[in-house]
1. Any idea which residue in the range 163-185 is modelled with the highest pLDDT, counting only those that are charged (D, E, K, R) and loosely packed, with under 11 Cβ neighbours inside 10 Å?
2. Tell me whether the range 148-155 contains one or more residues that are buried (at least 19 other Cβ atoms within 10 Å of the Cβ) and either at positive phi or at pLDDT below 95 (or both).
3. Just to be sure I understand the filter: pairs with C-beta atoms under 8 Å, separated by 6 or more residues or on different chains, first member in the range 151-176 and closer than 27 Å to Leu140 by Cβ, second member open to solvent by 100 Å² or more (accessible area, probe 1.4 Å) and outside any helix (DSSP H, G or I). Which pairs pass?
4. For the range 115-126, state whether one or more residues are closer than 20 Å to His227 by Cα and open to solvent by 70 Å² or more (accessible area, probe 1.4 Å).
5. From Lys74, Lys90, Lys65, grab the single residue that is at pLDDT below 90, assigned to a helix (DSSP H, G or I), open to solvent by 40 Å² or more (accessible area, probe 1.4 Å) and among the charged types (D, E, K, R).
6. Quick one: in the range 233-249, which of the residues that are open to solvent by less than 30 Å² (accessible area, probe 1.4 Å) and closer than 16 Å to Arg203 by Cβ is nearest to the chain's Cα centre (by Cα)?
7. Quick one: which of Val142, Val201, Val130 is surrounded by 15 or more Cβ atoms within 10 Å (Cβ to Cβ), farther than 21 Å from Cys226 by Cβ, without any contact (Cβ under 8 Å) to a residue 40 or more places away in the chain and in contact with a helix residue (DSSP H, G or I) (Cβ under 6 Å, 6 or more places away or on another chain)?
Amino acid sequence: MAKGVKASIKKSKTKPKSMVDSKAKKKIKVKAKVKIKTKVASKSSSTEKSNIKAKKNLKKSGLGKKNNNKSKGKITPKVTKEVNKKESLKKKKKLLFSPGDFVVYPTHGVGQVTNVEIKEIAGHKLKLFVISFDEDRMTLRVPVTKVSTSGLRKLISRKKMDVALETLKGRARVKRTMWSRRAQEYEAKINSGDPLAIAEVVRDLHRKTGQPEQSFSERQIFESACHRLAMELAAIEKIDIDTATEKMEELLKAA
């Protein structure tokens, strides 16, 4: 009987296979969960590292700084845009010309701004530049809003005028076309108001000693081009038109 009791006790101590299998499965599941957690942790740590690197790069480039502008007294991008808009509007409101300035109108040449008027036309108030051309005894009124389209401009710089005078020394470039067509091209160049184009007309129509004389129409276009260029040269150098014309003639003779 004692041996039977001992055997039964041993059998009771030994666990069945089903219990062992369930515990093994639980251990496997726990290990799998631990592995997943470690993988997630490693991924999160790698993402944190990449985020830290990105933040450092942003700080170096100056893009990742916070807008603590209220405390530091700095201007935000929005404020700078508004300031730039206000400045641009102020610049636009400023008049291009003021009374006393010499200006060039393409079809009339050099004139002087005498006044800035405000007139009411058809119920609309218009601001006008009043320009006087003493030689032609003419007064021209140009709306401020139409300055760019009309071609009204300031006198060119001294450097640009020197370039225009240098063209007078070059050789004439006469096209082999009908005079009527060339005359239209010359007049278009004169009425453009561009000193370089006008200097080309003077150079092409100038006749040296020994060359055939100019026709009446050639002479007219040549004189108008000379006069137009001499007017701007005189206004730039603050001399009279006669001395400016003499200076141009010396350059043409030296060519």
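The values are calculated or read from the model by the stated rules, or taken from the named source; none is laboratory data. Model, not experiment: these values are computed from the prediction. Reconstructed Cβ throughout: ideal geometry from the backbone, glycine too, with neighbour counts over all protein chains shown. Areas reflect the complete protein model, heavy atoms only, side chains present, ligands, DNA and RNA absent. Shrake-Rupley method; radii C 1.70, N 1.55, O 1.52, S 1.80 Å.
1. Arg181
2. Yes; the residues of the range 148-155 include at least one that is buried (at least 19 other Cβ atoms within 10 Å of the Cβ) and either at positive phi or at pLDDT below 95 (or both).
3. Lys154/Leu96
4. Checking the range 115-126: not a single residue is closer than 20 Å to His227 by Cα and open to solvent by 70 Å² or more (accessible area, probe 1.4 Å).
5. Exactly one of Lys74, Lys90, Lys65 is at pLDDT below 90, assigned to a helix (DSSP H, G or I), open to solvent by 40 Å² or more (accessible area, probe 1.4 Å) and among the charged types (D, E, K, R), namely Lys90.
6. The residue in question is Leu233.
7. Checking each option against the conditions leaves just Val142.
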